[in-house]
Amino acid sequence: MKKTVLITGTSSGIGKAAVFEFAEKGWNVVATQRSPDVDRSFDHLENVLLVKLDVTDTNSISEAFDRSVKAFGKLDVVVNNAGYGVDGVFEAMSDEVIEQQFNTNVFGLMRVTRAAIRHMRAVGGGIIIQVSSMGGKVTFPLYSIYHSSKFAVEGFTESLHYELSPFNIRLKLVEPGLTATEFTGRSRKFVKPDNDAAYDLYLEKFRVAAEKAMKGAEKPEVIARGIFKAATDGRDTLRYPVGAPAPMILWLRKLLSDRLFFSMVKTTYKV
């Protein structure tokens with residue numbers, strides 16, 4: 001019997017690549033998006049169901065799960081991929097910007113996780129995969145709000161895995177490194193002060209270094225393969241660093257003192 005996965009945030013990047021990865025491996029895939037009517041990417045795949053799901057809307061999540069169960073019977077894996085990145089100068093960020101980041105990256109993920117638990121506990125188990133980031137364990141300049149949302153996902157998931165173990169529900173954290181996705185394009189929200197040049201030199205130094213770093217970014221397909229591995233390896237492993245330089249950076253963070261690691265980051269970004 002085919003297994004079924006539900007994936008959030010499949011309109012581009014890692015989510016879209018994950019749909020193709022699972023579908024090509026013979027799985028039934030529920031690909032969810034906020035605006036599915038405009039996406040024709042999966043029309044040729046008979047085992048893919050495109051469904052509307054907005055992680056900020058509890059009713060939308062419930063309806064998506066109901067449609068998925070009616071179509072395929074049960075969900076074996078749920079992948080929480082939906083999210084976006086806020087970066088820039090914290091001083092200039094409004095409450096609205098901060099709240100929107102957390103509403104999607106943290107509270108939205110929690111809403112979908114809660115729906116997945118209710119379904120999986122009733123059917124005897126399953127796997128919930130949270131697409132986190134190496135930025136959920138280490139930090140870089142100008143990503144304070146994004147990092148804080150991913151640190152929250154890491155802590156939430158690590159704690160939750162204890163209470164779900166008796167129900168045969170396994171939790172996984174996939175921690176991508178630099179990835180060539182819309183995170184640096186239309187999914188990015190950059191904030192800087194208006195009418196104040198105090199941060200301009202700092203921002204320019206960071207921009208140059210960040211653009212250089214992104215030249216080595218992994219393709220989304222690499223991360224999608226990591227997600228599929230987490231779903232199918234049969235292990236109780238919690239964390240999966242995927243894509244350069246995540247494994248190396250996370251290893252260095254464990255190895256180095258704060259002083260040495262911070263110095264390395266400052267040198268890399270010329271700040």
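Derivation of every value follows stated rules applied to the coordinates shown; laboratory data play no part. This structure is a prediction, so every number in the text was calculated from the model and none was measured. Because the Cβ atoms are built from the backbone with ideal geometry, glycine has one as well, and the counts that use them run over all protein chains shown.
Observations, loosely collected:
- FRET efficiency for the Thr267 to Phe90 pair, using the beta carbon distance and R₀ = 22 Å, is estimated at 0.50.
- Per-residue packing, averaged as other Cβ atoms within 10 Å, sorts the ranges 260-268, 143-151 into the order 143-151, 260-268, beginning with the highest.
- Along the range 85-94 the Karplus relation, 6.51 cos²θ - 1.76 cosθ + 1.60 evaluated at θ = phi - 60°, assigns HN-Hα couplings of x, 9, 9, x, 8, 4, 3, 8, 7, 7 Hz to successive residues, with x for each Gly and Pro.
- Other residues within the sphere of radius under 12 Å centred on the Cβ of Asn28, judged by their own Cβ, net out at +2 (K and R +1, D and E -1).
- Karplus (6.51, -1.76, 1.60) ³J(HN,Hα), θ = phi - 60°, over the range 108-115, in Hz, Gly and Pro reported as x: x, 4, 5, 4, 5, 4, 4, 5
- The angle separating the long axis of helix 58-72 from the principal Cα axis of greatest extent in the chain is about 40 degrees.
- Amide H contacts under 5 Å for Arg34: Leu53, restricted to partners 5 or more places along the chain or on a different chain, H placed in the peptide plane at 1.01 Å from N.
- Nearest-ten-degree value, helix 258-269 long axis tilted from longest Cα axis of the chain: 80 degrees
- Each of Lys192 and Met214 was given a label point 7 Å from its Cα along the Cα-to-Cβ line. The distance between the two points is 1.4 nm.
- Distance in nm between pseudo-label sites at Tyr199 and Arg121 (7 Å out along the Cβ direction from Cα): 4.2 nm
- Linear extension gain, Asn103 paired with Leu260, 0.36 nm per residue minus alpha-carbon span: 53.1 nm
- Scanning residues 5 or more positions from Gly126 or on other chains, those with amide H under 5 Å from its amide H are Ile169, Arg170, with H placed 1.01 Å from N in the peptide plane.
- Computed from backbone phi, the HN-Hα couplings of the range 42-51 come to 10, 4, 7, 9, 5, 9, 10, 10, 8, 10 Hz, rounded to whole numbers (Karplus: 6.51 cos²θ - 1.76 cosθ + 1.60, θ = phi - 60°; Gly and Pro given as x).
- Net charge of the neighbourhood of Val89, taken over other residues with C-beta under 11 Å away and scored Lys/Arg +1, Asp/Glu -1, is -4.
- Under 10 Å, Cβ to Cβ, from Asp76 - net charge with Lys/Arg +1 and Asp/Glu -1: +3
- Database remark: amide H of Leu50 closer than 5 angstrom to the amide H of Ala31 (H placed geometrically; neighbours at sequence offset of 5 or more, or on other chains; Pro and chain starts carry no H).
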